[in-house]
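These notes concern the structure reproduced below.
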Amino acid sequence: MKTVTLAGQPSWQISSDVVEAAITRLGGHLAPVRFRLGKTFVEPYAIAPWAEEKVPLGTPPLLRALRGDFFCAPFGGNEKAYRGEQHPPHGETANATWKLESFARTKTETTLRLSLKTKIRRGRVDKMLRLRQGETAVYCQDVLSSMTGKMNLGHHANLKFPDAAGSGLIATSPISFAQVLPAIFEKPSEGGYSSLKPGAVFSRLNRVAAADGTMADLSRYPARRGYEDLVMVVHEAAPDFAWTAVTFPEQNYVWFALKDPRVLRSTVLWHSNAGRHYAPWNGRHVNVLGMEDVTTYFHLGLAESARPNSINRRGIPTSLTLSPTTPLKVNYIMAVAAVPAKWGRVKTITPNPTGVTLQPAKGKAVHVPLDTNFLYSKKT
């Protein structure tokens with residue numbers, strides 16, 4: 001299976017009858033992805049505006065490939081070393097070159113398998129992407145094996161929003177705790193700007209303290225042009241799965257993600273709206289929201305997540321413990337669904353015998369065919 005260069009990166013492509021997806025060889029970034037909803041196509045994932053430009057010397061591979069969704073292990077900036085390990089931003093999984101293992105297509109599904117031998121913490125990560133006929137979903141599995149010790153990790157989906165204030169309506173499964181990053185996220189002296197109050201605790205996305213004393217609404221985006229902000233939402237324990245979702249009312253569709261909260265405990269929301277004026281950002285990364293399903297301590301990295309911090313002191317895990325004899329499987333589903341005109345914010349996502357049901361605050365529920373058992377599968 002050969003690669004094709006898309007938006008500056010050699011990529012493998014796979015497809016079903018309703019999904020076309022590409023994943024980069026560098027960093028394993030998933031995009032572009034086109035979903036067919038009836039007679040129209042939607043492409044929810046962002047691709048960095050500098051994707052086909054020469055970037056400054058020393059720019060991490062992560063930023064050269066930056067697009068769509070990618071798996072991070074360890075998640076975050078990783079500026080501090082942890083027990084002699086100095087990881088790149090979001091880990092080798094988001095920066096190194098992946099190897100093609102296999103490609104298979106049957107009448108019902110298409111599967112791509114990649115692998116990566118990690119060097120900083122020696123081990124292996126096996127990545128599987130699967131598309132199923134008739135389902136507007138991407139099934140993702142990353143398996144960490146032959147590793148030991150604590151690891152923070154997660155998915156880093158970057159969504160591109162229409163260029164209109166509040167064009168997307170954000171929702172998550174019930175929140176048990178949420179907080180703005182309790183540190184300075186961007187420094188004006190370095191060309192970066194943030195708008196939310198550091199460390200502010202909140203229980204609802206639509207009411208979050210801003211640095212200027214006002215309240216910000218994080219349930220609608222784009223907003224706060226000229227700023228970068230980061231918050232973390234911890235989901236309540238769920239009997240089935242935890243979820244995040246964005247409704248695009250004018251485009252008549254919903255993007256959503258499903259996860260096992262025992263593996264991916266929280267969600268980091270990264271609001272990137274022209275708040276970075278240093279290279280390669282240069283004030284042009286706009287209307288992008290990171291919907292990052294994780295087990296981590298904000299975006300800070302392995303050292304901060306593995307050691308005692310303000311989140312794990314609450315009994316909320318910010319890292320997982322890897323065993324060299326028991327591989328860790330991280331299963332994740334991202335999907336889209338067509339919705340009627342004026343269909344609002346997602347209120348609940350619940351399992352049904354053949355998939356999931358998306359229920360808005362007002363209006364008719366929408367059924368989406370999916371295999372939710374995949375989230376808990378021990379098989380690859």
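Filtering the range 224-243 to residues that are out of contact with any Leu (no Cβ under 9 Å at 6 or more places or on another chain), at pLDDT 95 or above and within 25 Å of residue 359 (Cα to Cα) leaves only 234. Only a single criterion out of (1) in contact with a strand residue (DSSP E or B) (Cβ under 7 Å, 6 or more places away or on another chain); (2) buried (at least 21 other Cβ atoms within 10 Å of the Cβ); (3) of a type outside the set (S, T, N, Q) is not satisfied by residue 87, namely (1). Can we say residue 158 is touching a helix residue (DSSP H, G or I) at 6+ places or on another chain (Cβ under 8 Å), at pLDDT 95 or above and either surrounded by 22 or more Cβ atoms within 10 Å (Cβ to Cβ) or closer than 24 Å to residue 69 by Cβ (or both)? When the stated conditions are applied, residue 158 does not pass them.
Go through the range 328-355 and count every residue that is buried (at least 19 other Cβ atoms within 10 Å of the Cβ) and part of a loop (DSSP other than H, G, I, E, B). Counting residues in the range 328-355 that are buried (at least 19 other Cβ atoms within 10 Å of the Cβ) and part of a loop (DSSP other than H, G, I, E, B) gives 3. The criterion of at least 2 residues that are within 25 Å of residue 375 (Cα to Cα) and within 17 Å of the chain's Cα centre (by Cα) is met by the following strands (runs of 3 or more DSSP E) wholly inside the range 255-324: 266-273, 288-295.
Quick grid of which residues meet (1) under 24 Å from residue 89 (Cβ atoms); (2) in contact with a Phe, Trp or Tyr (Cβ under 9 Å, 6 or more places away or on another chain); (3) buried (at least 22 other Cβ atoms within 10 Å of the Cβ):
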position: 134; (1), (2), (3): no, no, no
position: 138; (1), (2), (3): yes, yes, yes
position: 142; (1), (2), (3): yes, yes, yes
position: 145; (1), (2), (3): yes, no, no
position: 165; (1), (2), (3): no, yes, no
position: 169; (1), (2), (3): no, yes, no
position: 176; (1), (2), (3): no, no, no
position: 193; (1), (2), (3): yes, yes, no
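Scanning the range 104-116 for residues that are part of a strand (DSSP E or B) and not small (Gly, Ala, Ser) yields 105, 109, 110, 111, 112, 113, 114, 116. In the range 178-187, is there at least one residue being under 14 Å from residue 235 (Cβ atoms) and either modelled with pLDDT of 95 or more or loosely packed, with under 14 Cβ neighbours inside 10 Å (or both)? Yes: one or more hits. Within the range 56-81, the set of residues being surrounded by fewer than 22 Cβ atoms within 10 Å (Cβ to Cβ), modelled with pLDDT of 95 or more and not in a helix (DSSP H, G or I) comprises 59, 60, 77, 79, 80, 81. All conditions but one from (1) in contact with a His (Cβ under 9 Å, 6 or more places away or on another chain); (2) closer than 19 Å to residue 151 by Cα; (3) polar (S, T, N, Q) apply to residue 9; the one that does not is (2).
Which of the residues that make up the range 90-104 are surrounded by 14 or more Cβ atoms within 10 Å (Cβ to Cβ) and of a type in the set (Asp, Glu)? The one that is surrounded by 14 or more Cβ atoms within 10 Å (Cβ to Cβ) and of a type in the set (Asp, Glu): 92. Could you list, in sequence order, all residues of the range 356-380 that are under 16 Å from residue 132 (Cα atoms), touching a residue at least 40 places away in the same chain (Cβ under 8 Å) and not in a loop (DSSP other than H, G, I, E, B)? Result: 356, 368, 369, 372, 374, 375. Scanning the range 28-36 finds one or more residues that are more than 30 Å from residue 339 (Cα to Cα) and either among the acidic types (Asp, Glu) or modelled with pLDDT of 95 or more (or both).
Comparison of 224, 204 shows that the only residue that is of a type in the set (D, E, K, R), in contact (Cβ under 8 Å) with a residue 24 or more places away in the chain and at positive phi is 224. Could you list, in sequence order, all residues of the range 1-59 that are in contact (Cβ under 8 Å) with a residue 40 or more places away in the chain and of a type in the set (Val, Ile, Thr)? Correct list: 14, 18, 19, 23, 24, 33, 42, 47, 55, 59.
Answer yes or no as to whether residue 209 is surrounded by fewer than 22 Cβ atoms within 10 Å (Cβ to Cβ), in a strand (DSSP E or B) and of a type in the set (Gly, Ala, Ser). Yes, satisfied.
Of all the listed residues (263, 254), the sole one being over 22 Å from residue 359 (Cβ atoms), of a type in the set (Val, Ile, Thr) and either in contact with a strand residue (DSSP E or B) (Cβ under 6 Å, 6 or more places away or on another chain) or buried (at least 24 other Cβ atoms within 10 Å of the Cβ) (or both) is 263.
The values are calculated or read from the model by the stated rules, or taken from the named source; none is laboratory data. Predicted model, so just to flag it, every value in this text is computed and none were measured. Neighbour counts are summed over all protein chains in view; Cβ atoms, including those assigned to glycine, are modelled from backbone coordinates with ideal geometry.
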